[in-house]
Amino acid sequence: MRPVIREDFKEILRLVRPGSRVLDVGCGEGELLEILAQEKQVDGRGVEISPEGVAAGLSRGLAVVQGDADRDLDHFAAKAFDYAVLSQTLQAVRNPRHVLSELLRIADRAIVSFPNFGHWRVRWSLVSRGRMPETRALPEPWWSTPNIHLCTLADFLTLCEDLDLRIDACAALTEGRPARAIDPTRPLENWRSEAALFLLSRRGEGAGSTEPQAPRNDLFGG
């Protein structure tokens with residue numbers, strides 16, 4: 001039987017162009033890279049901080065190196081990749097602004113996903129219990145979570161504006177359900193989305209790219 005693919009991986013698989021160069025930052029055991037290689041024939045590379053993850057990736061026959069997103073992205077050449085992926089990792093890095101900026105220095109586009117701290121379950125937990133929430137998207141208690149920079153959709157939009165980034169697509173992620181295209185600027189989505197996945201690029205870039213651009217209303221489900 002074909003293994004079950006995570007919904008965020010399905011969405012990344014949909015967004016990535018066949019045969020493209022992909023860097024997966026925080027690639028874990030290399031599951032996403034393996035799927036992209038099999039389904040889209042990408043030229044994939046991975047960066048993973050844990051020795052166990054690196055070993056697992058290498059055992060899959062993937063090109064994975066040990067590295068820290070906060071420090072080691074600086075060593076990659078500009079525009080070395082078509083896509084840089086940061087899946088459920090942004091909230092665990094020490095300097096999210098620097099990491100996001102580096103992703104779009106070394107790649108034409110970045111695909112970034114993270115849990116949304118503005119989701120209604122998180123808000124309700126804080127209001128009703130007065131404690132840090134534990135939800136499907138944030139299952140770890142506060143004393144053991146790797147997350148050190150949690151944010152809401154609204155916070156992430158502000159960071160994108162600060163870095164002058166363009167949002168080319170966005171999807172809401174809810175465990176057990178297909179990804180749902182959204183307009184992240186709608187306040188309601190900051191309540192509804194357990195997690196979100198963004199396709200980003202630099203403003204003013206990409207006009208001469210050979211990659212087809214999806215229509216705007218399709219990207220945001222309008």
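Please determine, by comparing only the residues of region 149-180 that are surrounded by fewer than 19 Cβ atoms within 10 Å (Cβ to Cβ) and of a type in the set (Ser, Thr, Tyr), which one is farthest from residue 138 (Cα to Cα).
158
Kindly indicate which of 203, 121, 192 is touching a strand residue (DSSP E or B) at 6+ places or on another chain (Cβ under 6 Å), open to solvent by 80 Å² or more (accessible area, probe 1.4 Å) and either touching a residue at least 40 places away in the same chain (Cβ under 8 Å) or farther than 25 Å from residue 27 by Cα (or both).
203
Would you mind stating whether residue 65 is of a type in the set (A, V, I, L, M, F, W, C), open to solvent by less than 10 Å² (accessible area, probe 1.4 Å), touching a helix residue (DSSP H, G or I) at 6+ places or on another chain (Cβ under 9 Å) and not in a loop (DSSP other than H, G, I, E, B)?
No.
Listed residues 6, 60; which is open to solvent by 70 Å² or more (accessible area, probe 1.4 Å) and closer than 24 Å to residue 137 by Cα?
Checking each option against the conditions leaves just 6.
Being buried (at least 18 other Cβ atoms within 10 Å of the Cβ), farther than 21 Å from residue 201 by Cα, out of contact with any helix residue (DSSP H, G or I) (no Cβ under 8 Å at 6 or more places or on another chain) and not hydrophobic (A, V, I, L, M, F, W, C): is that true of residue 29 here?
It is false that residue 29 is buried (at least 18 other Cβ atoms within 10 Å of the Cβ), farther than 21 Å from residue 201 by Cα, out of contact with any helix residue (DSSP H, G or I) (no Cβ under 8 Å at 6 or more places or on another chain) and not hydrophobic (A, V, I, L, M, F, W, C).
Keeping to region 73-105, report how many residues are farther than 16 Å from residue 28 by Cα, open to solvent by 10 Å² or more (accessible area, probe 1.4 Å) and of a type outside the set (Ser, Thr, Tyr).
Total satisfying the criteria: 16.
List pairs: first residue in region 157-170 and closer than 18 Å to residue 11 by Cα, second residue part of a helix (DSSP H, G or I) and of a type in the set (A, V, I, L, M) anywhere in the structure, Cβ distance under 8 angstrom, at least six positions apart or on different chains.
Going by the 8 Å Cβ cut-off, the qualifying pairs are 167/157; 168/219; 169/15; 169/219; 170/219.
Quick test for you: out of 76, 81, pick the one residue that is of a type in the set (A, V, I, L, M, F, W, C) and within 18 Å of the chain's Cα centre (by Cα).
Just one listed residue meets the conditions, 81.
Output the number of residues of region 73-85 satisfying the condition of being at pLDDT 95 or above and of a type in the set (Asp, Glu).
1
The values are calculated or read from the model by the stated rules, or taken from the named source; none is laboratory data. Since the model is a prediction, treat every value here as computed from it, not as a measurement. Neighbour counts run over all protein chains shown; Cβ positions are idealised from the backbone, glycine included. Just the protein is used for accessible areas: all its heavy atoms, side chains included, with ligands, DNA and RNA removed. Shrake-Rupley method; radii C 1.70, N 1.55, O 1.52, S 1.80 Å.
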